[in-house]
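Below: one structure, written as structure tokens.
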Amino acid sequence: MSRKRIQREAIMDLENILAVTVSGVRTGEDEAIRSLLKDCGLHTNDLTADSLRHFIVARKGEEVVGVVGLALFQPHALLRSLAVGPGHRGKGIGAQLAESVERYARMMGVTSIYLLTTTAEHFFSRCEYRKTSRADAPAPLQTTAEFSALCPAGAVCMRKQIV
């Protein structure tokens, strides 16, 4: 067997065995996060360095493969931008991110998480989020860019009590 073929097969095997790790945003990952969100059709124009402090990143090796964020309005939060790269979907990364962001929210004193979605209602239903009226969301959430401008009126509003 040639040396190049052995190296290529080793790289392919490494891809299959690398675990997905989840943690906060690392220095220098801002652009990779924005790029992933854009690739998934999500908006990024309101992301700031301060808002990224409340984001969680899933990585396979050094590659950013998923992301989720919160906007905090204690005791509530707005879940925003849960995204998993197309090549990494169907592997439980989205569920892992949802669980991680809920743990983080509890740690931050949040009792309920709201979200708006146009494409992932079924996914969030499996994560025990329930449909609610957009008008029933707490007033501070309704003043966010997501509620007031970025998410269309037809987006489904969902809520999960986490305490």
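The values are calculated or read from the model by the stated rules, or taken from the named source; none is laboratory data. Note that this is a predicted model, so its numbers are computed, not measured. Every residue, glycine among them, receives a Cβ derived from its backbone with ideal geometry; neighbour counts consider all protein chains shown. The area values use the complete protein model at the heavy-atom level, side chains included, leaving out ligands, DNA and RNA. Shrake-Rupley method; radii C 1.70, N 1.55, O 1.52, S 1.80 Å.
Mind listing just one residue for me: the one in the stretch 138-154 that is of a type in the set (A, V, I, L, M) and at pLDDT 95 or above and, of those, least open to solvent (accessible area, probe 1.4 Å)? Residue satisfying both the conditions and the ranking: Leu141.
Residues in the stretch 93-104 that are more than 15 Å from Ser125 (Cα to Cα) and either of a type in the set (Asp, Glu) or not in a helix (DSSP H, G or I) (or both): none. Report yes if Tyr114 is open to solvent by less than 70 Å² (accessible area, probe 1.4 Å), in contact with a Pro (Cβ under 9 Å, 6 or more places away or on another chain), under 23 Å from Gly41 (Cα atoms) and not small (Gly, Ala, Ser), otherwise no. When the stated conditions are applied, Tyr114 passes them. Looking across the stretch 75-92, the residues that are modelled with pLDDT under 95 and not in a helix (DSSP H, G or I) come down to Arg80, Ser81, Arg89, Gly90, Lys91, Gly92. Sort out which residues of the stretch 35-52 are of a type in the set (Ser, Thr, Tyr) and either at pLDDT 95 or above or open to solvent by less than 60 Å² (accessible area, probe 1.4 Å) (or both), and write them in order of number. Passing the criteria: Ser35, Thr44, Ser51. Considering only the stretch 45-60, I want to know if a residue exists there that is among the hydroxyl-bearing types (Ser, Thr, Tyr) and farther than 21 Å from Lys160 by Cβ. The answer is yes, given that some residue of the stretch 45-60 is among the hydroxyl-bearing types (Ser, Thr, Tyr) and farther than 21 Å from Lys160 by Cβ. Scanning the stretch 112-119 finds no residues that are in a helix (DSSP H, G or I) and either closer than 16 Å to His76 by Cβ or of a type in the set (Gly, Ala, Ser) (or both). Can you name every residue in the stretch 96-138 that is among the charged types (D, E, K, R), within 16 Å of the chain's Cα centre (by Cα) and more than 11 Å from Ile162 (Cα to Cα)? Glu121, Arg126 - these are the residues of the stretch 96-138 that are among the charged types (D, E, K, R), within 16 Å of the chain's Cα centre (by Cα) and more than 11 Å from Ile162 (Cα to Cα).
Among the residues of the stretch 127-137, just one is under 19 Å from Ala105 (Cα atoms), open to solvent by 40 Å² or more (accessible area, probe 1.4 Å) and not in a strand (DSSP E or B), namely Glu128.
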